[in-house]
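Written out below as structure tokens is the structure these notes cover.
We did not get these values from a lab; they are worked out from the coordinates using the rules stated. In this text the structure is predicted, and so the values were computed from the model without any measurement. Positions of Cβ are generated from backbone atoms using ideal geometry, with glycine treated the same way; all protein chains shown enter the neighbour counts.
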Amino acid sequence: AHEGILRRQSARESAARTYARALPIVPVRARGMTIEGADGRRYLDCLSGAGTLALGHNHPVVLEAIRKVLDSGAPLHVLDLATPVKDAFTTELFRTLPPGLADHARVQFCGPAGTDAVEAALTLVRAATGRSGILAFTGAYHGMTAGALAASGGASDVRVARLPYPQDYRCPFGVGGATGAELASRWTESVLDDPKSGVPQPAGMILEPVQGEGGVIPARDDWMRRMREITAARSIPLIADEVQTGVGRTGAFWAVEHSGITPDVLVLSKAVGGSLPLAVVVYREELDVWEPGAHAGTFRGNQLAMAAGAATLAYVRENGLAGRAADLGARMTARLGGLETDFDLVGDVRGRGLMIGVELVDPQAPPPTTGGPPPPAPGLAAAVQRACLRRGLIVELGGRHSSVVRLLPPLTISDEQADAVLDRLADAVAEVAK
Ligand code: PMP
């Protein structure tokens, strides 16, 4: 079955498919962080549906919540009508919100994907401010819908200005740390205060508290606070895209809590649906000025996803899994840091909570004349990914050059599983280094 399914799907599916190329496995069963393939092989899954499975695969509380809806005879799909299932979801969601947002929030259900919620957030701030430009950051990932609104004859004149996202390892200013972040902040201010910069009066700023697809780059807390100050001083709504960082992943329930800032808009998807498709924007009620129908999406009423999501949010909250992610993530990142010393092809190990990245570099390449780290090595990262798979470990690649091995284990990962992940990854790196 295994070979036949792989062969047929690779003949039928589009050239755009990605994971299936690097991970030629046929999952037939999964529980927690273990996936079993059609060939009987077992894998530890650190991809977690691209960070979606906060509680791992088929967690009993999630299955139970889904079954309860199925057995109740409730409708599975009702667009945006009010239902008891939705009521339970919003109650739990509002219970978890950061303090500054909790008492004054509104929620808009979007289509099934994170991208839908990003579009909704951009539409919202444009409606609320009457302006159109959007500030975003280098290396950002917010989704893939370039043309949907434009092709519908709708508002498609979104102009985006790219600003530098600070990072230590490949700091655009070559200094890193607090100084690099401060230079990035000043750059942002100078763009905003220059009437000829193209976006003098933006409708909003959108940022990821930790860039995920961009290569696991955690923003510094002081930079987050500066972005909050800079946008507040100019009445620019700040949108935090927590599609990947939300629901405990980074060691706080929402990653904005690390810096203590209150964004005007939170964009949520992935784990909020408890492994089923769900996406919402949550925002300060003063922004709630858009007209009925200003944002739509047929699948914004997925009852099973709301039930699975509510169960996941409650489980993470009640079991302190954000704190667990902080502790275990710190331990894992510290141990992986040893790879940096042991292997010159490991350039950098970084992360926040259970969002961890290991950047592979080319130690043979001549060092850049301007200083800084050796060039990224996507080929070596892919080789490490393959070596991990041979050892029964599924990891994700990311980063602007696909040179970062990413770990997104479920928040329910045990200490023993964490050790197994680290052992297998270290072993894979050693094999590639030979
Ligand atoms: N924002 C962020 C931060 C993401 O990581 C992603 C997906 N990786 C998206 C938005 C898009 O979400 P989706 O793929 O569900 O459309």
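Projecting the Cα atoms of GLY214, TRP254, GLY273 onto the dipole axis of segment 74-318, where Lys and Arg carry +1 and Asp and Glu carry -1 at the beta carbon, places GLY214 farthest toward the positive end.
Over the chain, with a Gaussian network built from C-alpha contacts below 10 Å, which listed residue (ALA121, ALA418, ALA255) shows the highest mean-square fluctuation? Between ALA121, ALA418, ALA255, it is ALA418 that shows the largest mean-square fluctuation.
Could you work out Rg/(2.2 N^0.38 Å) for segment 74-318, with Rg from alpha carbons only?
Numbers: Rg = 17.6 Å, N = 245, 2.2 N^0.38 = 17.8 Å.
That ratio works out to 0.99.
Sorting 243-249, 232-238 by average packing, meaning the other beta carbons within 10 Å per residue, from highest down gives 243-249, 232-238.
Over all orientations, segment 177-312 has a Cα convex hull whose mean projected area works out to 9.8 square nanometres. A straight chain from GLU318 to SER72 at 0.36 nm per residue would run longer than the Cα-Cα distance by 86.0 nm. Residues whose amide H falls under 5 Å from that of VAL28, counting only those 5 or more places apart or on a different chain, are GLU36, GLY37, ALA38, with hydrogens built in the peptide plane. Peptides 213-223, 373-383, 274-284, ordered by how many other C-beta atoms sit within 10 Å of their residues on average, highest first, read 274-284, 213-223, 373-383. For segment 298-434, the Cα-based Rg and Dmax, in that order, read 17.5, 56 Å.
So what is the 222 nm mean residue ellipticity for the chain from helices alone, if each DSSP H run of at least 4 adds -39500 (n - 2.57) and you divide by all residues, rounding to the nearest 500 deg cm²/dmol? Walk me through the intermediate numbers first.
Details: 14 runs with 168 residues, N = 434.
Estimated from H runs of four or more residues: -12000 deg cm²/dmol.
Rounded to the nearest whole Å³, what is the per residue volume of the convex hull around the Cα atoms of segment 1-131?
Details: hull volume 25.7 nm³, N = 131.
Value for segment 1-131: 196 Å³ per residue.
Phi angles of segment 414-419 translate, via the Karplus equation with coefficients 6.51, -1.76, 1.60 and θ = phi - 60°, into HN-Hα couplings of 7, 4, 5, 5, 4, 4 Hz per residue; Gly and Pro are given as x. Here the Karplus relation 6.51 cos²θ - 1.76 cosθ + 1.60, evaluated at θ = phi - 60°, turns the backbone of segment 212-221 into coupling constants of x, 4, x, x, 6, 10, x, 6, 5, 4 Hz, with x for every Gly and Pro.
Distant-in-sequence amide contacts of ILE134, defined by a placed amide H-H separation under 5 Å and a gap of 5 or more residues or a different chain, comprise ARG159, VAL160, ALA161, ALA203. Which of these, CYS110, CYS171, CYS46, has the largest mean-square fluctuation under a Gaussian network model of the chain (Cα springs below 10 Å)? It is CYS171. Counting only lysines at least 8 places from LYS68 when in the same chain, those with an alpha carbon closer than 20 Å to its own are LYS86. Modelled spin-label separation between TYR169 and ASN58, with each label point placed 7 Å from Cα along the Cα-to-Cβ direction: 3.5 nm. What do you get when you divide the Cα radius of gyration of the chain by 2.2 N^0.38 Å, with N the number of residues? Expressed relative to 2.2 N^0.38 Å, the Cα Rg reads 0.98. Extension gain for ALA296-ARG7 works out to 100.2 nm (0.36 nm per residue, less the C-alpha to C-alpha distance).
Dipole orientation for the chain: of the candidates ALA322, LEU425, TRP290, LEU425 has the Cα lying most toward the positive pole (charges on Cβ; Lys, Arg +1; Asp, Glu -1). Between the residues PHE343, THR91, LEU393, the greatest Cα displacement towards the positive end of the dipole of the chain, with unit charges on the Cβ of Lys, Arg, Asp and Glu, is found for LEU393. For the chain, modelled as a GNM whose springs connect Cα atoms under 10 angstrom apart, the maximal fluctuation among THR138, THR123, THR369 occurs at THR369.
Using unit Cβ charges (K, R positive; D, E negative) and no other charged atoms, how large, in debye to the nearest 20, is the dipole of the chain about its Cα centre?
On the way: 43 positive and 47 negative charges, 169 e Å.
Result for the chain is approximately 800 debye, rounded to the nearest 20.
What FRET efficiency would be calculated for the residue pair GLU286, LYS434, taking the C-beta separation as r and a Förster radius of 60 Å, to the nearest 0.05? The partial results should precede the final answer.
Values: r = 59 Å, r/R0 = 0.99.
About 0.50, to the nearest 0.05.
When peptides 399-409, 16-26 are ranked by their average number of other Cβ atoms within 10 Å per residue, the highest-first order is 399-409, 16-26. 3J(HN,Hα) couplings calculated from phi for segment 243-249 with the Karplus curve 6.51 cos²θ - 1.76 cosθ + 1.60 (θ = phi - 60°) are, in sequence order, 4, 9, 8, x, 6, x, 3 Hz; Gly and Pro show x.
Take the Cα gyration tensor of segment 155-237, multiply each eigenvalue by 5, square-root it, and list the three semi-axes largest first, rounded to whole angstrom.
Equivalent-ellipsoid dimensions as semi-axes: 22, 15, 12 Å.
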